[in-house]
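Enquirer: Shown below is the structure under consideration.
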Amino acid sequence: MLTLGIETSCDDTGVAIIRDGREVLCELLSSQIKYHANFGGVIPEFAARKHLENLFPLIDTALKECNISGSDLDLIAVTRGPGLMGSLIVGVMAARGLSQAWNVPLIGVNHLEGHLFAPLVDAEDLKPPFLSVIVSGGHTEIIHVHDFGKYELLGQTRDDAIGEAYDKAARVLGLKYPGGPEIDGLAKTGNPQAFPFPIPLKNTDKIEFSFSGLKTALLWQVKKFHESGAEIPVNDLCASFQKAAIEALLVKINLVARRTGCRKISVSGGVSANSTLRAALRDNPNFLAWLPALNRCTDNAVMIAAAGYNAWMRGVRTEDVMPDPSLHEFGQ
Ligand code: KG4
Ligand code: ZN
């Protein structure tokens with residue numbers, strides 16, 4: 001069964017063709033980072049226009065690479081939300097048009113369920129029940145996957161998402177967008193003990209995250225350096241920020257693993273590319289961790305095709321797929 005995945009929820013245009021939910025025949029991504037980097041964040045209008053420019057050539061290339069035509073596909077899976085309205089419209093309307101023209105069924109996919117499926121593509125041994133931690137620019141959530149389609153939200157952030165905190169911290173430090181890879185890179189040559197930033201909600205037994213205080217603590221440090229005129233130790237600040245941010249995640253992952261008794265944990269979303277997080281998860285004796293391949297941590301269409309295929313096979317049908325920027329619930 002051939003599934004075409006389409007992802008346009010934010011600033012990455014992704015197209016992929018997969019066979020039987022796992023075998024990746026082609027994956028293409030057109031990143032807009034170089035355009036948005038100058039503005040310190042994604043410009044929604046611009047992102048939508050770039051998707052419009054990039055999407056059809058990518059689909060064309062994918063079909064050629066797989067040596068098939070559109071009507072050979074068995075399913076089209078498209079992200080319908082959450083995300084930026086303009087960006088979602090481009091992907092959903094293109095998918096609806098192609099579905100009609102090729103007479104291929106269409107399924108709308110929740111972007112977060114897509115992230116949840118990213119580690120599953122390469123991991124035949126990862127089966128429910130397991131815990132899924134989604135750490136991205138827009139979300140920080142721990143989900144109990146009782147089964148595919150049966151998701152229980154155990155905890156989320158009460159303010160900024162962790163990726164958002166990275167992006168804002170990078171801006172404070174005068175680094176480029178997106179901030180995660182920038183801070184992660186500079187942290188490698190910094191001293192993580194240099195600034196003892198608070199580890200948010202470390203001593204509460206709530207399954208909840210908070211990252212805005214950490215970002216503010218960094219801002220105050222930077223302000224002090226500005227006022228004194230001393231050179232800002234960017235690498236040490238990055239390493240110290242990263243230590244606190246990742247520790248805050250790990251504390252709650254450990255807590256939820258203890259509380260649920262579930263030792264199988266998958267972590268996905270842009271921040272799952274983080275080197276400190278990946279090392280800590282791999283070395284942790286308390287649980288078994290699954291992570292996506294590095295190129296499938298951030299937004300991509302393979303995860304959308306995989307989630308769409310899985311939903312289709314378990315009988316989910318989404319009539320009249322429409323973009324929904326604030327879509328949240330899974331399995332809908
Ligand atoms: O999943 P994603 O591509 O988009 C959303 O659905 O939000 O995640 C993007 C986020 C950005 O905030 C980016 O700064 C962060 O993931 N990110 C990282 C790293 N690579 C990307 N954060 C920390 N360390 C990284 N290596
Ligand atoms: Zn995402």
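The values are calculated or read from the model by the stated rules, or taken from the named source; none is laboratory data. All figures in this text were calculated on a predicted structure; none of them were measured in a lab. When we count neighbours, we look across all protein chains shown, and the Cβ atoms used for this are built from the backbone with ideal geometry, even at glycine. With ligands, DNA and RNA removed, areas are computed over all heavy atoms of the protein, side chains included. Shrake-Rupley method; radii C 1.70, N 1.55, O 1.52, S 1.80 Å.
Enquirer: Over the chain, with every protein chain in place, what whole percent of the accessible area is carbon and sulfur at 1.4 Å, could you tell me?
Expert: After summing per-atom areas, the C and S share lands at 51 percent.
Enquirer: Relative to the first principal axis of the alpha-carbon coordinates of the chain, what is the inclination of helix 44-66, with its axis defined by its Cα atoms, in degrees from 0 to 90 and to the nearest 10?
Expert: That works out to roughly 50 degrees.
Enquirer: If you plug each phi of region 117-129 into the Karplus form 6.51 cos²θ - 1.76 cosθ + 1.60 with θ = phi - 60°, what whole-Hz ³J(HN,Hα) values come out, in order, with x for Gly and Pro?
Expert: The phi angles translate into 7, 4, x, 6, 4, 9, 10, 5, 7, 8, 10, x, x Hz.
Enquirer: Once the Cα atoms of helix 85-102 and of the chain are each reduced to a long axis, what angle between those two axes, in degrees from 0 to 90 to the nearest 10, is obtained?
Expert: 20 degrees
Enquirer: Okay, moving on. From the phi of every residue in region 72-77, what ³J(HN,Hα) in whole Hz does the Karplus formula 6.51 cos²θ - 1.76 cosθ + 1.60 yield, where θ is phi - 60° and glycine or proline is x?
Expert: Coupling constants for region 72-77: 7, 6, 9, 7, 10, 10 Hz.
Enquirer: Specify, per residue and in Å³, the volume enclosed by the convex hull of the alpha carbon atoms belonging to region 127-294.
Expert: Details: hull volume 18.3 nm³, N = 168.
Looking at region 127-294, the number lands at 109 Å³ per residue.
Enquirer: Same structure, new question: Mind pulling up the Rg/Rh value for the chain? Radius of gyration and Kirkwood radius, both on Cα.
Expert: Rg/Rh for the chain comes to 0.99.
Enquirer: Whole number in Å², please: accessible area per residue of the chain, 1.4 Å probe, ligands, DNA and RNA not counted.
Expert: On a per-residue basis, 43 Å².
Enquirer: Tabulate in residue order the Karplus-calculated ³J(HN,Hα) for region 252-269, using 6.51 cos²θ - 1.76 cosθ + 1.60 with θ = phi - 60°, rounded to whole Hz; enter x for Gly and Pro.
Expert: Working through the residues one at a time gives 6, 5, 4, 4, 5, 5, 5, 5, 8, x, 9, 9, 9, 10, 10, 10, 8, x Hz.
Enquirer: Okay, moving on. Could you tell me the convex hull volume per residue, in Å³, taken over the Cα atoms of region 24-104?
Expert: With only Cα atoms used, region 24-104 gives 101 Å³ per residue.
Enquirer: Averaging over every viewing direction, what projected area does the convex hull of the Cα atoms of region 238-327 cover, in nm²?
Expert: For region 238-327, the mean projected area of the Cα convex hull comes to 8.1 nm².
Enquirer: Just to confirm the number: angle between the C-alpha axis of helix 212-228 and the first principal axis of the chain, 0 to 90 degrees, nearest 10?
Expert: 50 degrees
Enquirer: For the chain, what relative contact order do you get, as a whole percent, if you take Cα pairs closer than 8 Å and at least 6 residues apart? All intermediate terms of the calculation are to be shown ahead of the outcome.
Expert: Numbers: 739 pairs, mean separation 85.6, N = 332.
Across the chain, relative contact order equals 26 percent.
Enquirer: For LYS34, go through the lysines and keep the ones whose alpha-carbon is under 22 Å away, minus same-chain ones fewer than eight residues off.
Expert: LYS50, LYS168, LYS176
Enquirer: Could you please state, rounded to a whole Å, how far the C-alpha centre of region 175-213 is from the C-alpha centre of region 47-90?
Expert: 35 Å
Enquirer: With a cut-off of 8 Å between alpha carbons and a minimum separation of six or more residues, what is the relative contact order of region 127-294 in percent?
Expert: 27 percent
Enquirer: What residues have an amide H closer than 5 Å to that of LEU106, excluding those fewer than 5 places away on the same chain, when H is modeled at 1.01 Å from N in the peptide plane?
Expert: Under 5 Å from the amide H of LEU106: ILE76.
Enquirer: Could you list which residues have their amide H under 5 Å from that of GLY269, counting only those 5 or more apart in sequence or on another chain, with H placed in the peptide plane?
Expert: Under 5 Å from the amide H of GLY269: VAL135.
Enquirer: For the chain, what is the mean residue ellipticity at 222 nm derived from helices alone (per DSSP H run of n ≥ 4: -39500 (n - 2.57); sum divided by total residues; nearest 500 deg cm²/dmol)?
Expert: -13000 deg cm²/dmol
Enquirer: Just by accessible area at a 1.4 angstrom probe, what is the order of PHE195, PHE130 from largest to smallest?
Expert: Values: PHE195 30, PHE130 0 Å².
Descending accessible area places them as PHE195, PHE130.
Enquirer: Could you sort 21-34, 223-236 so that the peptide with the highest average Cβ count within 10 Å comes first and the rest follow in order?
Expert: Packing order, densest peptide first, comes out as 21-34, 223-236.
Enquirer: Excluding same-chain pairs closer than 8 in sequence, count the lysine pairs in region 186-245 whose Cα atoms lie under 25 Å apart.
Expert: Here the count comes out as 14.
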